[in-house]
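This report refers to the structure that appears directly beneath it.
The values are calculated or read from the model by the stated rules, or taken from the named source; none is laboratory data. Worth saying up front: this structure is predicted, and the values here are computed from it rather than measured. Cβ placement follows ideal geometry from the backbone for every residue including glycine, while neighbour counts extend to all protein chains displayed.
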Amino acid sequence: MASDGRREQNIRLIIEMEDRIAQCKRCKSLLSCIRKPSMGKGDLEPDMILVFENESKAAQNSDKLLELREMIKSEFNASKIYHTFMVRCQPKACAIRSNTSCYLENKKLIDRDYKCLLSGKSCEGIPIKPADDNIIHCLPFLLEELEILDPRIVILFGDRVSDFVLKSYGIFKEVNTGDAFYDSIGRLFIAVPSTEEFSIEECHKLRDHILIDENLA
Ligand code: SF4
């Protein structure tokens, strides 16, 4: 398909998927304290997709996320990069919510300005890691996104992202940081450390993997 046609199709399919994500209620307990689920961002005909576990670790620290994207872009001289999340709704631990009546379960407890309706102050919930159930519920959206955008390279940040995504593609080997795998259609997956631990040295190692891949191509 011509590039313009493919881009238009990708935009249409991504918008349609994001509408479903915005309506999704599979993880009811996560919905009270978020305004909206996290969506992917970047080039819609990407060569490379970066996958983070959830937004708390990456995008809430937007400086870190931008720094990381820029590091990868300049290392590979690549502009067609997209990033996304394995779990879209950020789980939070909150003492105020856990002390309130169960009648408030499944009610939105946060307003447009991110103020808590219970305390009247800014949300004080502490971002925590998603449970395995949340990952299993949300993973189909990520797999759909990868199928739509069809990148040649997928970078998996952190052990849990690597584990769940690779198993979804039928890769059940033990995964160590820096390992690279191909799926059945030859797409390259590379397991890298989590965002907090990802450094310029890791970026150089990533480059080595991709150069090997290009030599094989
Ligand atoms: S985390 Fe994913 S599966 Fe769970 S409610 Fe949010 S969008 Fe739906």
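May I ask you to list the residues in region 194-211 that are surrounded by 13 or more Cβ atoms within 10 Å (Cβ to Cβ) and under 14 Å from Phe52 (Cβ atoms)? Passing the criteria: Ser194, Thr195, Phe198. Could you tell me whether any residue of region 98-109 is in a helix (DSSP H, G or I) and touching a Phe, Trp or Tyr at 6+ places or on another chain (Cβ under 9 Å)? Within region 98-109, not a single residue is in a helix (DSSP H, G or I) and touching a Phe, Trp or Tyr at 6+ places or on another chain (Cβ under 9 Å). Considering the conditions (1) crowded, with 18+ Cβ neighbours inside 10 Å; (2) within 16 Å of the ligand (Cβ to nearest atom), Lys129 is excluded by exactly one of them, (1).
Selection of region 144-193 for residues being within 18 Å of Tyr82 (Cα to Cα), charged (D, E, K, R) and surrounded by fewer than 20 Cβ atoms within 10 Å (Cβ to Cβ) yields Glu144, Glu147, Asp150, Arg152, Arg187. Of all residues in region 153-165, none satisfies being of a type in the set (Ser, Thr, Tyr), at pLDDT below 90 and part of a helix (DSSP H, G or I). Scanning region 1-46 for residues that are among the charged types (D, E, K, R), surrounded by 14 or more Cβ atoms within 10 Å (Cβ to Cβ), part of a helix (DSSP H, G or I) and at pLDDT below 95 gives Arg6, Arg7. Scanning region 30-49 for residues that are out of contact with any His (no Cβ under 8 Å at 6 or more places or on another chain) and either free of Cβ contacts under 8 Å to residues at least 12 places away in the same chain or within 15 Å of Leu146 (Cβ to Cβ) (or both) gives Met39, Asp43, Leu44, Glu45, Pro46, Asp47, Met48. Within region 166-183, the set of residues being at pLDDT 85 or above, assigned to a loop (DSSP other than H, G, I, E, B) and over 21 Å from Asn134 (Cβ atoms) comprises Gly170, Ile171, Phe172, Lys173, Glu174, Asn176, Asp179, Asp183.
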